[in-house]
Structure formats: structure tokens, C-alpha cells
1. Taking Leu261, is it assigned to a helix (DSSP H, G or I) and more than 21 Å from Thr212 (Cβ to Cβ)?
2. Test Gly242 against the stated conditions and say whether it is on the phi < 0 side of the Ramachandran plot and not polar (S, T, N, Q).
3. Test each condition in (1) farther than 30 Å from Asp199 by Cα; (2) at pLDDT below 95 for Gly248 and report the one that comes out false.
4. Among residues belonging to the range 193-220 that are closer than 23 Å to Arg74 by Cβ and surrounded by 22 or more Cβ atoms within 10 Å (Cβ to Cβ), point out the one that is nearest to the chain's Cα centre (by Cα).
5. Considering only the range 22-42, state which residues are more than 30 Å from the chain's Cα centre (by Cα), of a type outside the set (A, V, I, L, M, F, W, C) and modelled with pLDDT of 85 or more.
6. Tally the residues that are under 18 Å from Lys144 (Cα atoms) and either among the small types (Gly, Ala, Ser) or touching an Asp or Glu at 6+ places or on another chain (Cβ under 7 Å) (or both), restricting the search to the range 297-317.
7. Can you find a residue that is touching a Leu at 6+ places or on another chain (Cβ under 8 Å) and under 30 Å from Ile162 (Cβ atoms) anywhere in the range 63-72?
Amino acid sequence: MSKTNMKFCNSYFLVDPTKASVFDLILLLFFPNLISARFIDSPPDTLNSARRSFASRWMIALAIFLQKVLLFIRTPLAFIGRIVTYWPNLLTANGGFFNLILNLLTGKLVKPDESSATYASFLGCTDRRVELDQKIEVGTIEYKSMLSMMASKIAYENKSFITSVVENTWKMDFVGYYDCYNAFQEKNLTQAFVFKASDTNPNLIVVSFRGTELFSSDDWCTDLDISWYVYELKNVGKVHAGFLRALGLQQNGWPKENISLIHQYAYYTIRQKLRDMLARDKNLKFILTGHSLGGAIAALFPAILAIHGEDELLDKLEGVYTFGQPRIGDEEFGEYMKEVMKKHGIEYERFVYNNDMVTRVPFDDKILFGYKHYGSCNYFNIREDAPNANYISMLWLIPKLLSGVWEFIRSFIIRFWKGNEYKENWTMRTVRIVGIIIPGVSDHFPLDYVNSTRLGGLARPVATTTPQDKLYLIA
């Protein structure tokens, strides 16, 4: 049984991969009536429904197996991550490969400091750009999209790096960096930073949540968590448990106030910072943003504000901008969020680049998840949502492979086509090769989202505007 006090929701399906053995997974697949309840916590009706279909049992078993593998390789994966991140930083610190050899031979080798303002994450090494696009008019929705994407991109970096970029490159006011606790995984796993853009009217507070760390088993386990809660009290619907926990879900649910002297929780810490800043300056507005897991957390933030009746904060929320965001809830949750956005006049812009696989999970199915995106999708070829909804369609295999090949070729010529600022380095080209082998992997990286917000344009919708008219990204 889960440690969570389930009084805050009526239905739930909670899975703990650490309590499941391989034998349990075999029983789950082939002998569902003999399934051990020790690793699944759920009301009997919900559990029986999950047992009924082999497809649902297969998805549960696969998700648990992948999480167990990730937990097993946690240490070596983190070690590999440090090595592949350190190498491009070592090259940069020494001025390239040949200078590195020369410095090594002459005893002048420069060793990069992992906590310094110049040390980039692996994602940062694939795209070294940190400057804002000066060609985009300040205050427009295109500007806010571009600014949000750049904030989502640098959210993967260390505090010194982020502070330097915000204050020295962007000439904006850095407010704070927050390393927040996950009460269920019992460690600090959610990072976010806040800054103030003083060049907009009104001035904007930007809250950016970090996405999935590429070499973090804990982050991937959050993404792969198939657990969910259903909030029936306010017709909120089914919500992804892993993302709720990353935002700050407590063992007793979502108490309106939570004062902890030991840990910071993302939702409560950032909400209090917003309360304080907005109380000092009534003219301020704020936006929420994030890439990947960070996008999911950003999209959930206003939902919890609404549950808590934080109307004043919601009225100050100008927009939510997410990039490569996975699905976070079912259709009922989507309808709930549409009402919240409409009531408070909140702009919701969800960007999807090409075959990005993360935006197509958890599955939009009728078997187990039933998750759906809500609102229109800003896709490079716009529609209500990105095609190939669940990624695994064989009909899309060849187009995805061809797209991966084209993107690798394009990495060599885009600088001549769009300008030198779009030049791709060999770290990103290596990722492009992986994107051919596993279609959709490279499409999730921030680089293409940065390019999309710079080369594309968002049109202000009018009464006759359809979602198909809304965005025309040059991919």
C-alpha cells in the first residue's frame, strides 16, 4: 500500500517498480488473476480493469521493467554522462582539439570547472547559443515564445551559468535558482529559476523549469511512471502522478499551504516567490515555461493554483509556453484546463517539433492511459495536434527515417541557408545520427525548438482564425 494518504482523490493507480520482481512481471503478463498487489496500489475495480487487457498488462510490465533497468544502471549512466559532458567542455576550454593537444604537451592544459559559468550541460554542448534573437520585436507573442525557449534551454545548466546568461548576456534581473525536493523519490530532482524581463510592458516574471536530465535515471523514471490520480472533487480528471510529484505533491496530497524547514518543494516555493514579487509590484505579470519534463511541470502549475483557488495569481499569469511537453492528463483534465485558461485569459502555447517522441507519450489510448493534449498544437506543419499520435505507427516509420536523414544532411548546410548562427556542431551531428537509428530522439533536443521560435512566426488569432492558420514554422 502506498504511503500516500489517498483522501485527496477518489481513484488512483500507483506502481512501485522497486517492489516488483521479474517473476511478478511474468505473472502480470500471463496469469493476471495471480498478480501480486505488493507493487500496485489501486482500488479493486481499477486494478481489475488494468488486468483485463493483455495490451494494458504489457504496457505496465514494460514500463516497470524499463524503470528497474534505469534504477540498476543509475550509477554507470551518471558516470557516462559526466564523461560525455566533460569532453566537449574540455575542448571548448582549450580552444579546440589541436590546441588541447598543444596545451597537453606544453603543460598548459585547462581543466573546466563543472560549477563555473562557462561549463555547459550535454544539451548545452549540442547548441552553444545563449543570445536572444534581437530581430524579434520585444513584447510580441513571438518574442515571448523565443524568450521562453531560451529560458527552457538554459534551465539545464548550473546556477552560475544561468545567472551569468540572465544578467550579463540578456541584461535582465536574476531572481533565484531553486533546487527542489521530490517527496516520493526522496531527493532533490526538480530545478527551476526565476528572472524578471524589464524590457517588456508590463514587466514579466519568467519561471523556467528544467526538463529531463539526459543521464539521470531518476528523471527518466519520473517520465516513465505510469501511475496516476483522478481528482473528482473539482472534476479535474486523471493526472500523471510522476509529474505531480515533481511539482511538489505531498504524501497527504495538495494542502494549500506547506511550510517546510527542511525541504523546498517546487510549487510551494515558487508560488510564495510570485506572491511576494506581485505584492510589491501590482503591474507585474508572469509566464511559465519548460522543455520536456519541465514543460509538463509548467503546464501543471496553473492546475494546482486553480485547485487552491489562487485567482489573484492566475489573473497575473499571462501565458504558459511549453516545448516538447509530454501528455499530462486525460480528456477531462484537458477540459478543466481549458476552462481555467479561458476564465483567467491565459495564453497556452505548446510547441512540437517534427517527430519528437516525448510529445507522443503517455499514450492516447482507450486501454490504460487515455491521456490527451489540450489546446492547439504549434507544430511545424500546424494542426490540432502532431501526426502519428502515439509514435509507434509502422506507417510513419519510413517518413521518420527519411526525416532523420534529411535533418543530418541539413546540419551541414543550414548555416549557408539561414545564417551562421544556425551552424551545428559535431556534438549535435552525432545526436542526429542517433536520430536516424531511433527516429524522434534528436527532434526532442532544444536546438530545433530554438530554431523554430526564431525562424517561425506565431499569428495573433482572430475570430475567424483556425488552428491551421495559427503557426507557420520554417523547419
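1. The answer is no for Leu261.
2. Yes.
3. Among (1) farther than 30 Å from Asp199 by Cα; (2) at pLDDT below 95, the lone unmet condition for Gly248 is (2).
4. Gly211
5. Answer for the range 22-42, where residues must be more than 30 Å from the chain's Cα centre (by Cα), of a type outside the set (A, V, I, L, M, F, W, C) and modelled with pLDDT of 85 or more: just Asp24.
6. So the answer is 2.
7. yes
Yes or no, residue by residue, for (1) touching a Ser or Thr at 6+ places or on another chain (Cβ under 7 Å); (2) surrounded by 16 or more Cβ atoms within 10 Å (Cβ to Cβ); (3) part of a loop (DSSP other than H, G, I, E, B); (4) not charged (D, E, K, R):
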residue	(1), (2), (3), (4)
Leu305	no, yes, no, yes
Met341	no, yes, no, yes
Tyr348	no, yes, no, yes
Phe351	yes, yes, no, yes
Asn354	yes, yes, yes, yes
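The values are calculated or read from the model by the stated rules, or taken from the named source; none is laboratory data. These figures come from a predicted structure and were not determined experimentally. So basically every Cβ, Gly included, is an ideal-geometry build from the backbone, and we count neighbours across all protein chains shown. Just so you know, the surface numbers come from the protein's heavy atoms only, side chains and all, with ligands and any DNA or RNA stripped out. Shrake-Rupley method; radii C 1.70, N 1.55, O 1.52, S 1.80 Å.
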